[in-house]
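Okay, structure first, notes after.
The values are calculated or read from the model by the stated rules, or taken from the named source; none is laboratory data. Not measured: the values here are computed from a predicted model. For neighbour counting, all protein chains shown are included, and Cβ atoms are generated from backbone atoms with ideal geometry for every residue, glycine included. The accessibility values were calculated without ligands, DNA or RNA, using every heavy atom of the protein model including side chains. Shrake-Rupley method; radii C 1.70, N 1.55, O 1.52, S 1.80 Å.
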Amino acid sequence: MKKFYGLIIYKLALSFLVVICCTLGASQCSAFAETRLKPLQTVAVTDSGNAGKASLYAQGQNYKTDVKLTVEFKNHKPYDIRLQDGYSPAIYTFDFGAQDKFLFYSSQTGGSGGYGNYRIYRLQTETYKLLYDDKTDSKNAVFKTEFIPNGFMKIYNEASHSGLDVYVNYMDKSFYDEIFAPDGSVKNQTPYVNDISFVSPSLNSSSGIWRLLTYRSVTAVAEVNRLGYIVQMLDYENGTFTPTFTEFCIDF
């Protein structure tokens with residue numbers, strides 16, 4: 001009889017322990033889920049008068065992974081957009097001249113050269129459209145460069161069929177001597193146009209409309225020898241971002 005009651009007490013105690021453990025585990029899991037689901041940032045968005053919100057989620061401490069955007073409009077099913085991983089992911093909305101503001105996403109790769117990830121989305125109640133991606137822009141825009149005698153570099157824009165000659169004697173002499181011979185002739189070196197490293201919305205104060213500025217570095221011999229940047233201004237026209245102005249900038 002004592003063994004019988006002892007067995008019952010033991011089973012009851014074990015059940016009570018399991019319940020307590022399960023309850024504590026559920027609480028911890030719930031708290032963990034709430035921590036994971038907390039958005040890094042939330043912005044208000046609209047689509048033809050429909051109000052909604054876009055929330056940025058990610059995992060990790062410094063370098064963020066599993067970055068995504070959750071878009072939710074009232075009376076519509078939420079949907080997610082997968083974004084590029086990186087440091088300091090952030091979202092903003094800007095008026096680029098359309099009916100509704102567009103969402104601008106940026107993050108930093110953390111690699112050499114100061115490169116980032118930049119995208120612009122038009123968010124709608126049940127879907128979205130990618131309007132700008134820096135990787136696509138880098139691939140589609142074609143700039144040809146070459147050194148020409150007596151210390152010059154030629155930059156040619158195939159889209160506008162126009163070129164520019166730049167006197168590059170401002171570079172470090174050690175690099176200059178690797179490119180040009182004493183008689184001014186060109187050695188076996190060519191300039192290199194890198195992909196877009198930085199994209200920034202820029203406000204046109206006269207109209208209140210935002211534009212995009214993109215930066216591509218031009219280097220020669222070594223990445224550290226930056227000759228300048230090809231800077232383009234893009235306006236939103238006819239459903240796309242189109243270059244309207246291109247210049248070459250140097251640091252002096």
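Sorting 72, 126 on solvent-accessible area from highest to lowest, probe radius 1.4 Å, gives 126, 72.
FRET efficiency for the pair residue 174 and residue 138, taken as 1/(1 + (r/R0)^6) with r the Cβ-Cβ distance and R0 = 22 Å, rounds to 0.15.
Could you list the residues of region 113-129 with an amide nitrogen less than 18 Å from a label point located 7 Å from the Cα of residue 90 in the Cα-to-C-beta direction? Residues 114-121 fall inside that zone.
Just the number, please: Stokes-Einstein D of region 113-195 in µm²/s, Kirkwood Rh from C-alpha pairs, 25 °C, 0.890 mPa s. Don't skip to the answer; put the middle values down first.
Numbers: Rh = 15.7 Å.
The Stokes-Einstein estimate is 157 µm²/s.
Quick one: length gained pulling residue 213 to residue 62 fully straight, 0.36 nm per residue minus the C-alpha distance? Don't skip to the answer; put the middle values down first.
Numbers: separation 151, 0.36 × 151 = 54.36 nm, distance 2.68 nm.
Extra length available between residue 213 and residue 62 comes to 51.7 nm.
Structure shown: which of 64/129; 77/129; 68/129; 101/129 lie over 19 Å apart, alpha-carbon to alpha-carbon? Please list the in-between numbers first.
On the way: 64/129 24 Å; 77/129 17 Å; 68/129 15 Å; 101/129 13 Å.
Violating the 19 Å limit, Cα to Cα: 64/129.
Close Lys pairs in region 135-252 (alpha-carbon distance under 22 Å; sequence gap of 8 or more, or different chains): 7. Taken along the Cα-to-beta-carbon direction at a fixed 7 Å, the label points for residue 206 and residue 44 span 3.1 nm.
Legend: P(r) of region 53-128 from all alpha carbon pair distances, 5 Å bins from 0, whole percents, reading 3, 15, 25, 23, 17, 10, 5, 2, 0. Expressed as a fraction of 2.2 N^0.38 Å, the C-alpha radius of gyration for region 67-110 is 1.35.
What FRET efficiency would be calculated for the residue pair residue 187, residue 75, taking the C-beta separation as r and a Förster radius of 51 Å, to the nearest 0.05?
The calculated FRET efficiency here is 0.15.
Counting heavy atoms of the protein chains alone, residue 205 has an accessible area of about 110 Å² for a 1.4 Å probe. Our summary gives region 82-211 a relative contact order of 19 percent, counting only alpha carbon pairs under 8 angstrom and 6 or more residues apart. What the Cβ-Cβ distance of residue 164 and residue 222 gives, at R0 = 35 Å and to the nearest 0.05, is a FRET efficiency of 0.95. For region 124-250, the alpha carbon convex hull comes to 128 Å³ per residue, rounded to a whole number.
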